[in-house]
Every structure is written in C-alpha cells, then in structure tokens.
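> Quick one: the structure is below, questions incoming.
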Amino acid sequence: MRETKKALSWVVYRMTLRGREDGPNAVCEQGEWDEMERAQPGYHTLIRSGIASEAEAEKMARGSTGDRRVHLQLRS
C-alpha cells in the first residue's frame, strides 16, 4: 500500500509579541496555524492562507525587502 502525502498549504501571519500586534511576519504550514488558533484564538493576525509553496509564502512575508536590488546606470 502506498502512503499518500497530504498536499501542504502555507500561511503568512503577523506575530503578536509582548502583547503588541505589530510584530514581524512569519510563515508556517496550515496545520501549524490551525493548532495555534485552537490554542489561542485571535492572538496572531492571519495575513494570507492557502499559499502553494513555502518559498512563495516567505517572499510574501518579507514583502519587498527580499527583492533583488536594481542597479541603474547613469549616463553622462
């Protein structure tokens, strides 16, 4: 019998640290988010769920800070 692997879905959320809701963005698997919500409903803020890959979620969590730098050449 083959073992079937559950398709993973990722979420991006904003962490609550020391009671402040403006903490950093974080990434986890949907199942981990569900567990956190069961333990402390509404403590962290969900930004987006249903993300297909961890890499895509990480990029969303970073925003533009992870983008490549664009170097412009100035002409004289």
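Laboratory data are not the source of any read-out in this text; all were calculated from the coordinates shown. Just so it is clear, the model here is predicted, and its values are computed rather than measured. For neighbour counting, all protein chains shown are included, and Cβ atoms are generated from backbone atoms with ideal geometry for every residue, glycine included.
> Need one word for the range 10-63: rounded, prolate or oblate. Basis is the Cα gyration tensor (sqrt eigenvalues a ≥ b ≥ c); a/c below 1.5 gives rounded, then a/b vs b/c decides.
Values: a/c = 2.75, a/b = 1.29, b/c = 2.13.
Cα axes put the range 10-63 in the oblate bin.
> On to the next question. Can you compute the modelled spin-label distance between residue 21 and residue 39, with each label point 7 Å from Cα toward Cβ, in nm?
2.1
> Turning to a different aspect of this structure: Between residue 56 and residue 14, take the C-beta separation as r, use R0 = 22 Å, and let me know the FRET efficiency to the nearest 0.05.
Computed FRET efficiency for residue 56 and residue 14 comes out at 0.80.
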